Amino acid sequence: MIAFDRSEALRYLGYRNHVQPDEAVQQSLDRCTEELQNVVAPKSVFQAFPLEHPVEGTLKLADIFVHSKNLSRTLKGCTSVYLMAATLGIGVDRLISRASAVRMSDAVIYQAIAAAMIEAYCDEINDTLRQEAERVGLYCRPRFSPGYGDFQIEHQRDFSRLLDTPKKIGLTVTESCLLVPIKSVTAVIGLSNSPQPCHRKGCEECEKTDCAFRR
């Protein structure tokens, strides 16, 4: 079972500014949450890799070069990183697919709840990595995923290869760089010798200001 922030699911459904859904939607949320909890099979993998800063705006992460001003800012001062990948499993995809053919309203609710679930699951992994890093005197930066800002989504393939996600957690990447199962995440987490409490993350770092799901 995955504990998640219900308000995040509501945000994905378009409820903002403390607006609450009516009773019928609340009941659908309860039902769909229970059905999702019955099929989720969360899995994750992570590994530490060296990080270099060859030139401004470019990073060498393990054996790949990343050209991203956004990621370079996030990882400034870091000499290593964690790469992580997480998924809720193929059962969620199947549930959404069946609902899309029968009751689209349920499919939309499943999508929103599952999005909140994968974020909550990634937060759990973050906590584990933070504790692991602190044991060796390092501090974690916020996770940053391909597709945020100018961090090209094509690096999903690199992360999948470096972490061997098809074999370890059943996570693959399509030709268009989408993750399968769909409710999955890959991300990089910087490791530094000093804490940096004041930083932006997620929506606050992404330059796509017209996104419908922006906080």
Name the single residue that is most open to solvent (accessible area, probe 1.4 Å) among those in region 37-52 being more than 18 Å from the chain's Cα centre (by Cα) and under 27 Å from ASP127 (Cβ atoms).
ASN38
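Test VAL180 against the stated conditions and say whether it is in contact with a Ser or Thr (Cβ under 8 Å, 6 or more places away or on another chain), at pLDDT 95 or above and surrounded by fewer than 20 Cβ atoms within 10 Å (Cβ to Cβ). Outline the logic, then answer.
On the way: in contact with a Ser or Thr (Cβ under 8 Å, 6 or more places away or on another chain): yes; at pLDDT 95 or above: yes; surrounded by fewer than 20 Cβ atoms within 10 Å (Cβ to Cβ): yes.
Considered against the rule, which asks whether it is in contact with a Ser or Thr (Cβ under 8 Å, 6 or more places away or on another chain), at pLDDT 95 or above and surrounded by fewer than 20 Cβ atoms within 10 Å (Cβ to Cβ), VAL180 comes out as yes.
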Answer from VAL66, VAL45, VAL39, VAL19 - the residue that is over 30 Å from VAL180 (Cβ atoms), aliphatic (A, V, I, L, M) and touching a Leu at 6+ places or on another chain (Cβ under 9 Å):
VAL19
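Out of the residues in region 161-171 meeting the condition of being in a loop (DSSP other than H, G, I, E, B) and closer than 12 Å to SER44 by Cβ, tell me which one is most open to solvent (accessible area, probe 1.4 Å).
Kept after step one, since they are in a loop (DSSP other than H, G, I, E, B), are these residues of region 161-171: 164, 169-171.
Narrowing the set further to residues that are closer than 12 Å to SER44 by Cβ leaves 169-171.
Details: ILE169: 14, GLY170: 43, LEU171: 2 Å².
Within region 161-171, the match that is most open to solvent (accessible area, probe 1.4 Å) is GLY170.
Starting from residues that are free of Cβ contacts under 8 Å to residues at least 12 places away in the same chain and either crowded, with 18+ Cβ neighbours inside 10 Å or not charged (D, E, K, R) (or both), keep the ones in region 3-16 and report whichever is nearest to LYS183 (Cα to Cα). Step through it out loud before you land on a result.
Filtering region 3-16 down to residues free of Cβ contacts under 8 Å to residues at least 12 places away in the same chain leaves 7, 15-16.
Checking which are either crowded, with 18+ Cβ neighbours inside 10 Å or not charged (D, E, K, R) (or both) leaves us with 7, 15.
Working: SER7: 18, TYR15: 21 Å.
Applying the filter and picking the extreme gives SER7.
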Inside region 69-102, can you point out the residues that are in contact with a helix residue (DSSP H, G or I) (Cβ under 9 Å, 6 or more places away or on another chain) and outside any helix (DSSP H, G or I)?
TYR82, LEU83, MET84, ALA85, ALA86, THR87, LEU88
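Every residue, every condition in (1) in contact (Cβ under 8 Å) with a residue 12 or more places away in the chain; (2) of a type outside the set (Ser, Thr, Tyr); (3) crowded, with 18+ Cβ neighbours inside 10 Å; (4) closer than 26 Å to GLU8 by Cα, yes or no:
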| site | (1), (2), (3), (4) |
| --- | --- |
| ASP123 | no, yes, no, yes |
| GLU132 | no, yes, no, no |
| TYR139 | yes, no, no, no |
| SER145 | yes, no, yes, yes |
| ASP150 | yes, yes, no, yes |
| PHE159 | yes, yes, yes, no |
Failed criterion for VAL188 (all others in (1) open to solvent by 60 Å² or more (accessible area, probe 1.4 Å); (2) within 18 Å of VAL66 (Cβ to Cβ); (3) β-branched (Val, Ile, Thr) hold)
(1)
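In region 27-62, which residues are over 24 Å from ARG130 (Cα atoms) and free of Cβ contacts under 8 Å to residues at least 40 places away in the same chain? Break it down into steps so the answer makes sense when it comes.
Quick first cut of region 27-62, residues over 24 Å from ARG130 (Cα atoms) only: 27-40, 54-58.
Selection gives GLN27, ASP30, ARG31, GLU34, GLN37, ASN38, PRO54, VAL55, GLU56, GLY57, THR58.
If I filter region 75-102 down to residues being polar (S, T, N, Q) and within 25 Å of GLY137 (Cα to Cα), which single residue comes out as most open to solvent (accessible area, probe 1.4 Å)? It would help to see each step written out before you state the result.
In the first step, residues of region 75-102 are kept if they are polar (S, T, N, Q); the result is 79-80, 87, 97, 100.
Keeping just the survivors that are within 25 Å of GLY137 (Cα to Cα) gives 79-80.
Working: THR79: 92, SER80: 25 Å².
Across region 75-102, the extreme among qualifying residues is THR79.
Kindly indicate which of SER68, SER105, SER72 is of a type in the set (Gly, Ala, Ser), open to solvent by 50 Å² or more (accessible area, probe 1.4 Å) and touching a residue at least 12 places away in the same chain (Cβ under 8 Å).
Numbers: SER68 fails: open to solvent by 50 Å² or more (accessible area, probe 1.4 Å); SER72 fails: open to solvent by 50 Å² or more (accessible area, probe 1.4 Å).
Every option except SER105 fails the conditions.
The values are calculated or read from the model by the stated rules, or taken from the named source; none is laboratory data. Predicted, not measured: the structure shown is a model, and the values here were computed from it. Quick reminder, even Gly has a Cβ in these numbers, built from the backbone with ideal geometry, and neighbours come from all protein chains shown. Side chains are part of the model used for accessible areas, which takes the heavy atoms of the whole protein and leaves out ligands, DNA and RNA. Shrake-Rupley method; radii C 1.70, N 1.55, O 1.52, S 1.80 Å.
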